[in-house]
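Below is one structure, written out as structure tokens; comments come after it.
The values are calculated or read from the model by the stated rules, or taken from the named source; none is laboratory data. All values reported here derive from a predicted model rather than from experimental measurement. We place every Cβ from the backbone using ideal geometry, glycine too, and count neighbours over all the protein chains shown. SASA here: full protein model, heavy atoms, side chains in, ligands and nucleic acids out. Shrake-Rupley method; radii C 1.70, N 1.55, O 1.52, S 1.80 Å.
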Amino acid sequence: MTPVVEKLGAAVDDWVARNEEHLVATRRHLHAHPELAFAEYETTSYLEGRLREVGLKPRRLPTGTGLVCDVGTGGPIVVLRADIDALPLADAKDVPYASTKDGLCHACGHDVHTTIALGVGHALAALDGLPGTVRIVFQPAEEVIPGGATEVVAAGILDGASRAFALHCDPQVPVGTIGLRTGAITAACDRVDITLTGPGGHTARPQLTVDLVDALGRLITDLPGLLSRQVDPRSGMSLVWGAVSAGVAANAIPQRGTVRGTVRVLDRDAWKNAEDLMRSLVARVAATTGAGCEVDYVRGLPPVVNDPRAVALMRAAALSTVGSDHVIVTPQSMGGEDFGWFAEVVPIALARLGTHGGGPPLDLHRGTFDVDERAIGVGIRLMARTALHALEADAVTDAGGAAPPARTRRPAPGDTASRRSVDEKREPDDEFHRPAG
């Protein structure tokens, strides 16, 4: 670590220590006011005001929700990303900051991610001598397929950047611990809906019709096994069903039935071929039953594959943030994360932020989910230091190089009509103000 990075990192540490109470208040404000994908209008307005407080100039994304905000000037440009949307789940916690909106809550830690990104923006805005530009993206709609990250890419927000970083809460990891991994850290996730049709009939005479329930059963039991024999086992591809529906009467063979599930895979090349493979296997199994078959395959989001150099920069930041005893190798997850779309443009790295403060872990995507709020300060220090390390490294490797010109809006990756399923002078303020309300 150079003296410049060490000095600026220490200044961020001091800023976090002074503003811990206000950071917690910010997170609790966001937690109490959740909003769903592409409807994060209140959240966006709130963040916009908080950034302007310290002389920053956030810009709304073309989607109408979400923001991009540059801190510093000149090159290189490093991107930090936070997701801002909540889930359609009821908040089951009895806490003063519980959701004020029925049926909605932050059950995946996006309120924490957002508070961290906002804190990084405030902390870096208070520094002198930032060696480049830190571009902070407050991204909408991570919880839908193909994800709001496609809109960030399409809007050209990443153009000219050298690399991008993000983190995600991990309730299985103790607070104060950071998990890193090179290569695939999360899986691609696609959705497949299969509809079978037949003439229907009486259960006493299945030989005179197409036994649709039996056909559905064959798909359910045969497809996962067939899939596992068509791809390299190291790709980590899996098919798991989540819903099946057919018939209403015990003695009537139905005319229509559906089965729905997800295809997940850790290897990017295997993911690119997953749709064609699934369609071929479904047709093969359905043909043996005589049923008509229709496949709706929704290509979702790619795996997050961490770039080795980006991970090395994040590891250097993590070591100076929490020390070597609290930096671990995080396991791969078969969960989806649309940050993978950023890799279409720049090298990326995603870290796991420990949020477990004791007792039984409070798992993600449950109404009981909560965090040890000491993780907020750890996250800010990690992400600010990561940005500083990356700016310094990229300034050395690309000294004097001009950033490529920003392009106008380009097509969002994987975003077609048939596949979408929802989807100057600054005056820094040294203190992190309390949220309104």
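Descriptive notes on the structure:
- Output for region 201-210, where each listed residue is surrounded by fewer than 15 Cβ atoms within 10 Å (Cβ to Cβ), touching a strand residue (DSSP E or B) at 6+ places or on another chain (Cβ under 7 Å) and polar (S, T, N, Q): THR203
- Unique residue being under 20 Å from SER99 (Cβ atoms), in contact with a strand residue (DSSP E or B) (Cβ under 9 Å, 6 or more places away or on another chain) and not aliphatic (A, V, I, L, M) when the list is THR26, THR44: THR44
- Residues that are basic (Lys, Arg) and surrounded by fewer than 19 Cβ atoms within 10 Å (Cβ to Cβ), drawn from region 274-313: ARG279, ARG284, ARG309
- For the condition in contact with a strand residue (DSSP E or B) (Cβ under 8 Å, 6 or more places away or on another chain), outside any strand (DSSP E or B) and not basic (Lys, Arg), ILE157 qualifies.
- Criterion violated by ALA107 - all others in (1) at pLDDT 95 or above; (2) over 17 Å from THR43 (Cα atoms); (3) open to solvent by less than 10 Å² (accessible area, probe 1.4 Å) satisfied: (2)
- Among residues of region 38-68 being open to solvent by 30 Å² or more (accessible area, probe 1.4 Å) and of a type in the set (S, T, N, Q), the one that is modelled with the highest pLDDT is SER45.
- Test: residue in region 127-148 that is out of contact with any strand residue (DSSP E or B) (no Cβ under 6 Å at 6 or more places or on another chain), among the hydrophobic types (A, V, I, L, M, F, W, C), at pLDDT below 95 and under 27 Å from LEU277 (Cα atoms): yes
- For region 327-349, the candidate set comprises residues that are out of contact with any helix residue (DSSP H, G or I) (no Cβ under 8 Å at 6 or more places or on another chain) and not aliphatic (A, V, I, L, M); within that set, the residue that is surrounded by the fewest Cβ atoms within 10 Å (Cβ to Cβ) is PRO331.
- Unmet criterion (only one of (1) open to solvent by 10 Å² or more (accessible area, probe 1.4 Å); (2) out of contact with any helix residue (DSSP H, G or I) (no Cβ under 6 Å at 6 or more places or on another chain)) for LEU127: (2)
- Selection status of ALA82, at pLDDT 95 or above, open to solvent by less than 10 Å² (accessible area, probe 1.4 Å) and of a type outside the set (S, T, N, Q): yes
- Of the residues making up region 289-316, those that are at pLDDT below 95 and acidic (Asp, Glu) number 0.
- All of (1) under 20 Å from the mean Cα position of the chain (by Cα); (2) open to solvent by less than 10 Å² (accessible area, probe 1.4 Å); (3) aliphatic (A, V, I, L, M) hold for VAL71 with one exception: (1).
- Criterion (under 20 Å from the mean Cα position of the chain (by Cα), surrounded by fewer than 21 Cβ atoms within 10 Å (Cβ to Cβ) and not in a loop (DSSP other than H, G, I, E, B)) met by exactly one of VAL152, VAL120, VAL173: VAL173
- Residues that are closer than 12 Å to LEU167 by Cα and either assigned to a loop (DSSP other than H, G, I, E, B) or not hydrophobic (A, V, I, L, M, F, W, C) (or both), drawn from region 356-380: GLY379
- Region 332-355: number of residues that are over 28 Å from LEU239 (Cα atoms) and either among the hydroxyl-bearing types (Ser, Thr, Tyr) or part of a strand (DSSP E or B) (or both): 3
- Tally, over region 90-117, of residues that are aliphatic (A, V, I, L, M), touching a Leu at 6+ places or on another chain (Cβ under 7 Å) and part of a loop (DSSP other than H, G, I, E, B): 2
- The residues of region 184-200 that are of a type in the set (Gly, Ala, Ser) and open to solvent by 10 Å² or more (accessible area, probe 1.4 Å), listed by number, are ALA184, GLY198, GLY200.
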